[in-house]
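The block underneath contains the structure these notes are about, expressed in structure tokens.
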Amino acid sequence: MSGEKNLTTLIKEMKPFVNKGEYVFTTVSNTSNIDKEEIISLFKEQEGVTLILKKSVADNLNLPYSFIASWITLKIHSALDAVGLTAAFSTELAKNNISCNVVAGYYHDHIFVAKKDEAKTIEVLTNLSNSF
């Protein structure tokens, strides 16, 4: 099942959704002591394993982090080879001084922004969607 590729459709129908909670990025050298069900995202890098976890999980495991984020999911099923969606929303967020970290899942794009920017991010994304 492939996702949507048309940029206009992607933006018009992206429907940003806030996943409740606080999320953090951390890095570990070994994940054996972490319940895999607690991991939101895992990416192996040369320097270590980057994890995205609920803040409460990281706190319980005494894992370090420096960025507390909101997790926003774009509810449209975007194709992994779609062109322009990330550029479109990240440009609008940058115009509003909002940093974003993007993770592409098989079905959806996920945006992590500073917790303090959650409401403004939804406003910017909604305005972008409504402008198409």
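Quick rundown of the values:
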item	result
Tally of residues being open to solvent by less than 90 Å² (accessible area, probe 1.4 Å) and in contact (Cβ under 8 Å) with a residue 60 or more places away in the chain across the range 14-56	8
Those residues of the range 57-72 which are among the polar types (S, T, N, Q) and in a strand (DSSP E or B), in sequence order	Ser70
Matching residues in the range 64-77 - criterion: being touching a Ser or Thr at 6+ places or on another chain (Cβ under 9 Å) and either over 28 Å from Glu38 (Cα atoms) or open to solvent by less than 30 Å² (accessible area, probe 1.4 Å) (or both)	Ser70, Ile72, Ile76
Residue within the range 58-80 that is under 17 Å from the mean Cα position of the chain (by Cα), under 24 Å from Ser129 (Cα atoms) and free of Cβ contacts under 8 Å to residues at least 12 places away in the same chain present	no
Qualifying residue in the range 91-113 (condition: part of a helix (DSSP H, G or I) and touching a strand residue (DSSP E or B) at 6+ places or on another chain (Cβ under 6 Å))	no
The range 18-63, subset in contact with a Lys or Arg (Cβ under 8 Å, 6 or more places away or on another chain) and among the aliphatic types (A, V, I, L, M), residue farthest from Ala119 (Cα to Cα)	Ile40
Flag for Lys5 being closer than 27 Å to Asn127 by Cα and either at pLDDT below 95 or of a type outside the set (A, V, I, L, M) (or both)	yes
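The values are calculated or read from the model by the stated rules, or taken from the named source; none is laboratory data. Nothing here was measured: the structure is a model prediction, and the numbers come from that model. No Cβ is skipped: glycine too gets one built from the backbone with ideal geometry, and neighbour counts run over all protein chains shown. Calculation scope for accessible area: heavy atoms of the full protein, side chains included, ligands and nucleic acids excluded. Shrake-Rupley method; radii C 1.70, N 1.55, O 1.52, S 1.80 Å.
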